[in-house]
Structures are given as C-alpha cells and as structure tokens.
1. How far, in degrees from 0 to 90, does helix 172-182 lean away from the longest principal axis of the Cα atoms of the chain, to the nearest 10?
2. Points 7 angstrom from Cα along the Cβ direction at Glu27 and Arg248: gap in nanometres?
3. Mean separation of Cα pairs under 8 Å and 6+ residues apart, divided by the residue count of the chain: what relative contact order is that in percent?
4. Leaving ligands, DNA and RNA out of it, rank Arg126, Arg209, Arg232 by accessible area with a 1.4 Å probe, largest first.
5. Over all alpha-carbon pairs in region 3-182, figure out the percentage whose distance exceeds 22 Å.
6. Could you please put Ser38, Ser177 in sequence from largest to smallest accessible area, using a 1.4 Å probe?
7. To the nearest 10 degrees, how steeply does helix 144-156 sit against the main Cα axis of the chain, on a 0 to 90 scale?
8. If region 135-219 were replaced by its equivalent ellipsoid, with semi-axes equal to the square roots of 5 times the Cα gyration tensor eigenvalues, what would those be, largest first, whole Å?
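The values are calculated or read from the model by the stated rules, or taken from the named source; none is laboratory data. As the structure is a computational prediction, the values presented were derived from the model and not from experiment. We place every Cβ from the backbone using ideal geometry, glycine too, and count neighbours over all the protein chains shown. Side chains are part of the model used for accessible areas, which takes the heavy atoms of the whole protein and leaves out ligands, DNA and RNA. Shrake-Rupley method; radii C 1.70, N 1.55, O 1.52, S 1.80 Å.
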Amino acid sequence: MLRAGIVTVAGKPNAGKSTLLNRLVGEKLAITSPKAQSTRHRVVGLRTQDDTQMVVLDTPGLLDPKDLLHQAMRGAALAAVRDADVIVYVVDVAALKPHAVRDWAASPADSVLPWPRFIEAASLEREPRAQVITVLNKTDQLDAEVRNALESTAAQAQPRIMTMSALTGDGLDFLVSAITEALPESPYLYPADEISTLPMRFFCAEFVRETAMEQLGDELPHALACAIDEYREGSSPLYIRAVLYVERESQKAIVIGAGGQQIKKLGRASRLKIEKFVGEPVYLDLWVKVLANWRKKRGAVNRLGYGDPAPSHPA
Ligand SMILES: Nc1nc2c(ncn2[C@@H]2O[C@H](COP(=O)(O)OP(=O)(O)OP(=O)(O)O)[C@@H](O)[C@H]2O)c(=O)[nH]1
Ligand SMILES: [Mg+2]
C-alpha cells in the first residue's frame, strides 16, 4: 500500500521549521538562520521512502503582519495550512518559560499548557481540516532532567506530542512514523527520485539571500531580496546573474562595502553554496540595486516572487 500527501510544517518564526524540512528531505533545501523570519515562501521538499511520499511544505513563521511582505508571508503560510493532509506544528521548547515546561512535565493534568495551541499560534478562527502533530523542538537545549520528564509526559499525552531536535536529528524516526500513519492511502504525487518541485533558480536566489543574512548586520537582512535575472543552462561554468535588492542607497553601500570587499565576500560564499547544490562550477555575477521601500509596495513584493499579498483569510 502506498501513502502520499501534503505535510505542512508551520509555527512561529525561528521555531526550527526549515531545519526540520531539511532533515525530513535529507538535503539542504530551505535556508535557515538564527535571525527570525528567514523563510518567506513556501518551500516544497519531497521525501519518498518506505512506500510513503511526503510533499513537505516549509512555511514562513506565523506572525502579525506589519507590512505587505509580512502579509504575503502569512498568506503563503495559511494557504499551505489549508492544503495540508497533515500539519506539523513546530514549537521552540527552549524559548518557553522553563518553570512552565517543568510543571507541565511533572503534572500535565494540573497545569496550563506551556505553549499556545496551533489554532491560537496561527490566529485561526476554527480548527484546520488536517490532523495537527505538535512537535516540541530544540530539546537538545533543555537540561537532561527536564528533557527526560518532558519526553515521557509527551509520549503519554493524547493525542501524542512529539519531542525532537531538528538540529541533531534526535526523535526524527518517531516523527516520521507519526506523519506516515496520518497520511492517506494514495499513489505518489511526484516522481520518486525528485527532491523538490521548485526550479534551481529559486534555490540559487535563496542561497544568496541566506549568505547575505549571515554576513550583514541585524537590520539589513529583512530589507534584502534576491532575484535571478539570468540562468544560462549549458554554459560552462554555469552563468548565473543575481540581483540583490535593498530599500535604500545607504543599504546598497553596506552590501558593497569599502572597495567592494563586502560584495566580493558575499559573492564568493554564495557561489560555493550554489556549486555544492548544482554540482558544477558556477560563475556568479552579483549586482546590488535599490528598489525603494519595496516591502511596502504591492507591485514590488509581487515581482520579487512573494505572491500577491492579498488579505489573508483563515483556513
Ligand atoms: N539548538 C537547536 N537549534 C535549532 C534546532 N532547530 C533549529 N535550530 C536553530 O534555530 C534557528 C532557526 O531555525 P530555522 O530552521 O531557520 O527556523 P524557522 O522556523 O524556519 O524560522 P523562520 O523561517 O524564520 O520562521 C537556526 O539557528 C537553527 O539552527 C534544534 O533542534 N536545536
Ligand atoms: Mg524557515
């Protein structure tokens, strides 16, 4: 019997959703960062193993929209929640109040749930159609005593709550079994040897953006967007022209750096990541352009591939 379906990974910013998608797929598809709001699109990863195909959707963190980009991000996340056969709700357990986690682990019946339920975290008006599997992530950050208590309480909860570390992979097998059981019987939805439905150029743009998030200050990353203007198949090395968009001239100066040192460093590190992913030598032609206040402009948000930031409606 084959099983297949859509597994949507959702939760608050920085919970570890993209790290979990990469774990499930076994390949670095989604960019990750210690800075919140790294994921902006829904990223599709495919996992086909043991007669089961998971179409895994990584989503932007659920947050209150402050601009059109946020609105588009929330829209993308909610659309993925609506499409899901199974929702994997990721909670950063290390960010919860330690005493609340300890109390709940010791006596779940007598204490308040230390994390918001999915429908609250996502501000939904009603329960989603799909089954929600709650995953308490980052257990590697808890001290051993709390972790053990939490793990045994979670295992007895009904419905069962999964504990894991997406970083170390601890608990992954249990999560995979739980997802598999919740998926419907179905033929595969995509060829068994594919790992994503998204084009190479999408990943190239994301690697440039991830590298920029790593190398540049705390404020700048949210103002950055990357577009691939040209991706010349068949050339050797593979020629890729990427444009990094920023919102102001002063930001452009930061990206370029004194004597062009910063953009050179950025281009080199991005190229190495892209080469690793595509498996061939790459010539990365990297440019920086100002697109004034693009996060507040519908046309620009759309053009950069973040979808139409129409007002989102609950699942
Ligand atoms: N210690 C620890 N860190 C983790 C774990 N999972 C993820 N992280 C780290 O948490 C940070 C955020 O991880 P991401 O996977 O980017 O989180 P996200 O939920 O996709 O974040 P957004 O896309 O910004 O909403 C990164 O620095 C990860 O390395 C974990 O299990 N343990
Ligand atoms: Mg993410």
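1. Between the helix axis and the principal axis of the chain, the angle is about 80 degrees.
2. 4.0
3. Averaging sequence separation for qualifying contacts and normalising by length gives 20 percent for the chain.
4. Arg126, Arg232, Arg209
5. Roughly 41 percent, rounded to a whole number.
6. The ranking, largest first, comes out as Ser177, Ser38.
7. Approximately 70 degrees, to the nearest ten.
8. Three semi-axes, in Å: 31, 25, 9.
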